[in-house]
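Below is one structure, written out as structure tokens; the observations come after it.
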Amino acid sequence: MSDTALVVMARYPEPGKTKTRLARTIGQTQAAHLYQAFLTDLASRFVGLDCDLHWTYTPANVDYQTFITALAPAHAQRMWSFPQQGADFAERLHHAFQWTKQHGFQRTIVIGSDSPHICPDVITQAIEALEHADVVLGPADDGGYYLIAMHKPYDVFSGIPMSTSVVAQMTIEAAQRQGLKVHLLDPLFDVDELPDLQRLAQLLATDSTLAPTTATYLTTMRSSHDHDAADTHDYNAETRATTFDLHRAN
């Protein structure tokens with residue numbers, strides 16, 4: 001067992017409860033399938049690093065271990081899972097650190113599952129930064145963060161309004177009030193809305209190896225929408241296809 005845990009905050013990709021903001025544009029089923037592609041890329045990318053890969057999942061009543069085994073069967077023996085606990089996302093993040101500490105890990109890196117293009121180098125940088133920092137943050141472009149790493153389950157979560165543009169800054173301030181040293185990694189973007197998805201599509205068009213399963217699914221989605229617009233005289237189908245122009249400039 002490694003002394004470092006890499007934990008992915010994830011959910012079971014159920015239509016209607018997954019990527020709900022994005023689903024308003026691309027549809028609930030496609031949003032769930034896209035999110036499953038995200039998870040597949042993350043599973044394939046991070047097994048084999050110098051850390052133990054864990055998934056902390058919601059809802060708690062699903063058999064997530066069987067699910068992730070089906071996603072990446074070649075890596076099934078090197079992935080573990082435990083349910084999220086807490087009344088809100090801040091509490092669930094804190095619980096992830098508490099769980100890994102209780103299970104003997106000396107370092108914990110928690111990432112979200114909304115950035116399938118996150119690179120292994122980022123995890124390595126977080127591990128190295130923990131040699132001299134108490135808290136490592138990977139700021140997201142929307143003001144949140146895509147990664148947080150700590151040695152101990154410090155409470156840098158309570159009282160912070162998650163899913164807002166002030167999350168990263170308030171987290172830094174909470175750490176500093178406790179006398180903790182903070183190290184910032186390079187920023188990255190999450191995929192929550194259609195412009196984010198368009199940005200991801202443009203990135204993967206340049207280098208699909210960053211998230212190959214996601215790249216393939218995006219190509220399938222675009223082809224399907226183009227076909228709907230070209231082969232029908234339905235105005236709504238044409239509108240949906242125009243809205244879902246993945247290579248439209250932001």
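No lab work stands behind these numbers, since they all come straight from the coordinates. Quantities reported herein were computed from a predicted structural model and do not represent experimental measurements. In this analysis, Cβ positions are derived from the backbone assuming ideal geometry, glycine residues included, and neighbour counts consider all displayed protein chains.
Legend: ranking of residues His103, His54 from fewest to most surrounding C-beta atoms inside 10 Å; resulting order His103, His54.
Of the peptides 111-118, 182-189, the ranking by mean beta-carbon count within 10 Å, highest at the top, reads 111-118, 182-189. Is any residue of segment 21-41 close enough, with backbone N under 15 Å, to a label point placed 7 angstrom from the Cα of Val62 along the Cα-Cβ axis, and if so, which? Only 28-41 fall inside the zone, counting backbone N under 15 Å. Separation of segment 148-197 from segment 23-62 is 21 Å, based on Cα centroids. Full extension of the chain between Gln77 and Ser223 yields a length gain of 49.0 nm, computed as 0.36 nm times the residue separation minus the alpha carbon distance. In this simple spin-label approximation, Glu173 and Ser44 carry label points 7 Å from Cα along the Cα→Cβ vector, and these lie 4.2 nm apart.
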